[in-house]
Amino acid sequence: MYPIPVKDNLKFEKQNQSFSVNVLCKFDHGGYVPLYVRKERNRPHHVNLFLIGPHSHQHYMWIKM
C-alpha cells in the first residue's frame, strides 16, 4: 500500500538504517505541523516529506532544501 502510513515510518527506518525521515502537513488554520520527526539525524540520508491530500488519497511530496 502506497504511500505508507505515517505511523510506519519508524518501521521503514528500522529496515533502512541509513535513512531518517521527517513528515510535515498543513495545519487547518494555516501553518505547518510535524506529524513524524526523527530525532536521530546522523544517518547518511535524511528526507523531509510533506503529506498532502485527503485521507483516502494521500501522497508524499519531497521537500528539497
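Just so it is clear, none of the values below were taken in a lab; they were calculated from the coordinates. Because the structure is predicted, anything quoted here is derived from the model rather than measured. Here Cβ is always computed from backbone atoms with ideal geometry, including for glycine, and neighbour counts include all displayed protein chains.
Filtering the stretch 56-65 to residues that are free of Cβ contacts under 8 Å to residues at least 24 places away in the same chain and either charged (D, E, K, R) or surrounded by 10 or more Cβ atoms within 10 Å (Cβ to Cβ) (or both) leaves MET61, LYS64. Of all residues in the stretch 9-55, those being of a type in the set (Val, Ile, Thr), assigned to a strand (DSSP E or B) and either free of Cβ contacts under 8 Å to residues at least 24 places away in the same chain or exposed (fewer than 15 other Cβ atoms within 10 Å of the Cβ) (or both) number 2.
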